[in-house]
Amino acid sequence: MHAGGFAKWTRRFEDERERRQAQGDPDWERGAALHPAVWASIQRFQVGEDGDGANLVGKADQAGDADYAQAVRLFVAEEQNHARLLERLLATGGVPTLTGHWTDTVFVRLRRLMGLRMELLVLMIAEVVALRYYRALRDGADDSLTSDVAGRILSDEQRHVPFHCERLHTSLAQLPRVVRRPVLVLWRLLLLAACLVVAADHGRALRRLGIGRLRFVADVMASSAEVVSAVLAPRPDAWPSPG
Ligand SMILES: [Fe+2]
Ligand SMILES: [Fe+2]
């Protein structure tokens, strides 16, 4: 185990928090004009961002790495900020937030039953889907406020994925070598299933954003191959440096 390996992540999250405070919020006064299908899609993603952070923090505390536990707190704060940004964006369109979709309730219940390793694998499914989604929203919304919000969230998600990869590498290293790859094969199958559900549910919105359902699924699966190799053999230099 690399003692103190997560201190650099804590620093990155802290640097980002400072940058965020200096930058201030998007200009909400600009308002946003989006297709109803895109509003409905953002509404669903907003609920997902507003996740169960306390649960993850508890497991990180039990893992016995104080630097990691601190980095997880900062990670959870970023996810809560995503939920807040999307809530404000929805408000500019007069769209209310959802109180919770049953899929999120199931997701949260399942996660509570899991250890840190399983929890991170499940969380990583959401993160990898989010990467492609927010890129589509940033590039295809044709609305400057929405692109601004989506771009901010995307750059955080681009930091979250390698952060989880690094911890998952440590967590999977505790398993016998022969099961590591099969675990990740299973993870990719679950990701594919989740991705098909998202592509079906958000298909109309994705098409408005200029990306077909199959393209969306194919892109997510392609990026997941990089995640698998990063988890098996960490290559911190292979990731774009955050900030
Ligand atoms: Fe997020
Ligand atoms: Fe994230």
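The values are calculated or read from the model by the stated rules, or taken from the named source; none is laboratory data. Please read these numbers as outputs of a predicted model, since none were measured by experiment. Quick reminder, even Gly has a Cβ in these numbers, built from the backbone with ideal geometry, and neighbours come from all protein chains shown. Side chains included, ligands, DNA and RNA excluded: accessible areas come from the protein's heavy atoms. Shrake-Rupley method; radii C 1.70, N 1.55, O 1.52, S 1.80 Å.
Below are the figures for this structure:
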| read-out | value |
| --- | --- |
| Residue check, Ala230 within 16 Å of ligand 2 (Cβ to nearest atom) and at pLDDT below 95 | yes |
| Scope the stretch 208-228; condition among the charged types (D, E, K, R), open to solvent by 80 Å² or more (accessible area, probe 1.4 Å) and more than 16 Å from Ile42 (Cα to Cα); matching residues | Arg213, Arg215, Glu226 |
| Per-region count, the stretch 112-159, residues outside any loop (DSSP other than H, G, I, E, B), away from ligand 1 (no atom under 16 Å from the Cβ) and either in contact (Cβ under 8 Å) with a residue 40 or more places away in the chain or out of contact with any helix residue (DSSP H, G or I) (no Cβ under 6 Å at 6 or more places or on another chain) (or both) | 9 |
| Which numbered condition Ala205 misses (of (1) open to solvent by less than 10 Å² (accessible area, probe 1.4 Å); (2) within 16 Å of ligand 2 (Cβ to nearest atom); (3) of a type in the set (A, V, I, L, M)) | (2) |
| Tally, over the stretch 48-75, of residues that are surrounded by 19 or more Cβ atoms within 10 Å (Cβ to Cβ), in a helix (DSSP H, G or I) and either within 15 Å of ligand 1 (Cβ to nearest atom) or on the phi > 0 side of the Ramachandran plot (or both) | 5 |
| Residue in the stretch 76-93 that is farthest from the chain's Cα centre (by Cα), counting only those that are of a type in the set (A, V, I, L, M) and open to solvent by 20 Å² or more (accessible area, probe 1.4 Å) | Ala91 |
| Given (1) open to solvent by 50 Å² or more (accessible area, probe 1.4 Å); (2) under 24 Å from Pro36 (Cα atoms); (3) within 16 Å of ligand 1 (Cβ to nearest atom), number of the condition Phe107 does not satisfy | (2) |
| Identity of the residue in the stretch 17-68, within 20 Å of the chain's Cα centre (by Cα) and of a type in the set (A, V, I, L, M), that ends up farthest from Ala205 (Cα to Cα) | Ala60 |
| Residue in the stretch 187-198 that is surrounded by 16 or more Cβ atoms within 10 Å (Cβ to Cβ) and over 19 Å from the mean Cα position of the chain (by Cα) present | no |
| Answer residue from the stretch 117-140, given it is touching a Ser or Thr at 6+ places or on another chain (Cβ under 8 Å) and open to solvent by 10 Å² or more (accessible area, probe 1.4 Å) and is nearest to ligand 2 (Cβ to nearest atom) among those | Leu131 |
